[in-house]
């Protein structure tokens, strides 16, 4: 496969995602290949790297400042939920945010209402909440999703997983590596030492 064609498909798929023409990587890569008249489908990692490049080109220096502010806001929420092993994941962890990105935090508890109570007691307005069921590898996984906003009006999604999953390793479906994320203390250190640091493979 010609490297140039490979890059073009990844770039086209990333463009579709960035400007909202597609929402899922699978559909974006299929549509991009069709547009360019090829059967080649790039990896999610290749598309994610192009998506990061497009965001950088379109959003300029403000993007870095927004990332740092979103990480600071995430840290404030994580400190409130420190008893539930909070973990910052998603684009704010990776450092690959784009306009419209939200802050994704995973916590662990067998009583999701505990998380709701902590948030509301600190005057964090909850917009909605819902249970989600995912089937993977023949097993069913349930998680409780809480949607809110930070003080600076960044969208915030907190996913509550069962306490037995606290040390369970998960693979990132986009970048292909382990979904390590940042714990509270790790995020604090990042904000001190290299606040805009990226956490992507390679």
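The values are calculated or read from the model by the stated rules, or taken from the named source; none is laboratory data. All values reported here derive from a predicted model rather than from experimental measurement. Ideal geometry is used to build each Cβ from the backbone, glycine not excepted, and the neighbour counts take in all protein chains shown.
Tabulated results
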{"read-out": "Yes/no for residue 107 being modelled with pLDDT of 95 or more, within 30 Å of residue 143 (Cα to Cα), touching a helix residue (DSSP H, G or I) at 6+ places or on another chain (Cβ under 7 Å) and surrounded by 19 or more Cβ atoms within 10 Å (Cβ to Cβ)", "value": "yes"}
{"read-out": "Hits in region 1-32 - residues which are over 20 Å from residue 201 (Cα atoms), touching a residue at least 24 places away in the same chain (Cβ under 8 Å) and surrounded by 20 or more Cβ atoms within 10 Å (Cβ to Cβ)", "value": "9, 12, 17, 18"}
{"read-out": "Conditions (1) part of a helix (DSSP H, G or I); (2) free of Cβ contacts under 8 Å to residues at least 60 places away in the same chain; (3) over 15 Å from the mean Cα position of the chain (by Cα); number of the one not met by residue 91", "value": "(3)"}
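Yes or no, residue by residue, for (1) surrounded by 14 or more Cβ atoms within 10 Å (Cβ to Cβ); (2) more than 30 Å from residue 14 (Cβ to Cβ); (3) assigned by TED's automatic domain parsing to the domain that holds residue 42; (4) in contact with a strand residue (DSSP E or B) (Cβ under 9 Å, 6 or more places away or on another chain):
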{"position": "115", "(1), (2), (3), (4)": "yes, yes, no, yes"}
{"position": "122", "(1), (2), (3), (4)": "no, yes, no, no"}
{"position": "148", "(1), (2), (3), (4)": "yes, no, no, yes"}
{"position": "161", "(1), (2), (3), (4)": "yes, no, no, yes"}
{"position": "175", "(1), (2), (3), (4)": "yes, no, no, no"}
